[in-house]
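S.K.: Just passing along the structure, written as structure tokens.
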Amino acid sequence: MDKLTGQPFNGHKVLIVGVANEHSIAWGCARAFHELGAELAITYLNDKAKPYVAPLAESVGASIFLPLDVSNPGELEAVFDAIRTKWGKLDVAVHSIAFAPKADLQGGLLNSSAEGFATAMDISCHSFIRMARLAAPLMTDGGSMFAMSYLGATRVVPNYDLMGPVKAALEASCRYLAHELGPRRIRVHPISPGPLKTRAASGLKDFDLLLTDAASRAPIGEMVDIMDVGYACAFLATPYARRMTGNTVFVDGGVSIMD
Ligand code: NAD
């Protein structure tokens, strides 16, 4: 904590992966960490995405801004090379990406292809493990890592289908990484936001039904927004949460406790 500015992340370096536009959960994380004093590295998927992400990255003064498609060999390594060269350390890494081919996502789990399942698992889950492997050596003062999950990891949510087992694997990976990295004072959390109207969510069948259902069942009767997710990650990255690791943290207004 910086006592002069009261900004808990002053001097802290934070990598945010997954900003596509101003609705992205990753953007809520970027804004929250920026507001609390952190210096940011932000990535964009490719040249097509760059014009949408660049003005956002500029508005939070991101000092590293690089392309990252985790399925392109070498791009993740290039991001971490830049972090090592420019910052020499990293405090927080946020992984907020997911992908599944449309036919596999919308055709039910039963009909999913081996190739589609493997692609979804690689981009949405194993890329987090690769990211953790590169991030950990830079977290010399300890650190925290976050990956975005969803309730469909542990409950059956109609139409979530293929992504259910993929998010279950992501949550289990976070637990095992928390175990492996705990001795290095690196904490790892899956974050489970309630439904949010983003581009990734628009790929799910009847997503609007999920939204209205969540809003009607949430004990805190308001929709979650991307800043709620960002502030939750920020809290978990502070020393106030220093004895927390590995568990899934729901940011869903309480929907997950309801039947
Ligand atoms: P979004 O579309 O804004 O973000 C998804 C991001 O994934 C995009 O930035 C996209 O570029 C990135 N991505 C896809 N393939 C990639 C690849 N090969 N390499 C690098 N990046 C890639 O949507 P979002 O809802 O903000 O999604 C972020 C995360 O939150 C995802 O893991 C999603 O499953 C999770 N999530 C979303 C909701 C929701 O309701 N929107 C709820 C819970 C969890």
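Values in this text are rule-based calculations from the coordinates and carry no lab data. If you're wondering where the values come from, they're calculated on a predicted model, not measured in any experiment. Because the Cβ atoms are built from the backbone with ideal geometry, glycine has one as well, and the counts that use them run over all protein chains shown.
S.K.: Looking only at GluC sites (Glu not before Pro) in DSSP loops with at most 16 other Cβ atoms within 10 Å, what is the longest site-free stretch of the chain? Show your work: numbers first, answer last.
M.R.: Details: sites that count: GLU22, GLU222.
Here the longest run is 23-221.
S.K.: Helix 207-217 versus the longest principal axis of the chain: what angle, 0 to 90°, nearest 10, using Cα atoms?
M.R.: Roughly 80 degrees between the two axes.
S.K.: Let me ask something additional. Using each residue's phi in the range 154-164, evaluate 6.51 cos²θ - 1.76 cosθ + 1.60 at θ = phi - 60° and report the 3J(HN,Hα) Karplus result to the nearest Hz, with x for Gly and Pro.
M.R.: So the J values, rounded to whole Hz, are 10, 10, 7, 10, x, 6, 7, 6, 3, 6, x.
S.K.: Still on this structure, I have one more. Pairs of lysines 8 or more apart, or on different chains, with alpha carbons under 29 Å: count those in the range 13-251, would you?
M.R.: Taking the Cα cut-off of 29 Å, the pair count is 24.
S.K.: Kindly express, to the nearest 10 degrees and within the range 0 to 90, the angle between helix 50-59's C-alpha long axis and the longest C-alpha principal axis of the chain.
M.R.: With both axes taken from Cα atoms, the answer is about 50 degrees.
S.K.: Let me ask something additional. What is the set of long-range amide H partners of PHE250 at a cut-off below 5 Å, with H atoms built 1.01 Å from backbone N?
M.R.: Correct list: SER192.
S.K.: So if I take the alpha carbon set of the range 56-140, get Rg, then get Rh from the Kirkwood formula, what is the Rg over Rh ratio? Before the final figure, lay out the partial values.
M.R.: Details: Rg = 15.6 Å, Rh = 14.6 Å.
Here the Rg-to-Rh quotient is 1.07.
S.K.: On C-alpha positions alone, give me the angle between the axis of helix 25-35 and the longest principal axis of the chain, in degrees, nearest 10.
M.R.: So the helix axis and the longest Cα principal axis differ by about 30 degrees.
S.K.: Can you work out the Karplus-derived ³J(HN,Hα) for every residue in the range 135-151? Use 6.51 cos²θ - 1.76 cosθ + 1.60 with θ = phi - 60°, whole Hz, and x for glycine or proline.
M.R.: For the range 135-151, the Karplus curve yields 6, 3, x, 8, 8, 6, 9, x, x, 9, 10, 10, 10, 7, 10, 7, 3 Hz.
S.K.: Restricting to DSSP H runs of at least four residues, report the calculated mean residue ellipticity at 222 nm for the chain, -39500 (n - 2.57) per run over all residues, nearest 500 deg cm²/dmol. The partial results should precede the final answer.
M.R.: Working: 9 runs with 97 residues, N = 259.
Calculated mean residue ellipticity at 222 nm is -11500 deg cm²/dmol.
S.K.: Using label points projected 7 Å from each Cα along Cα→Cβ, tell me how many nm separate HIS179 and LYS86, to one decimal.
M.R.: 3.6 nm
S.K.: Okay, moving on. What is the projected area of the convex hull of the Cα atoms of the range 13-251, averaged over all directions, in nm²?
M.R.: About 12.3 nm², averaged over all directions.
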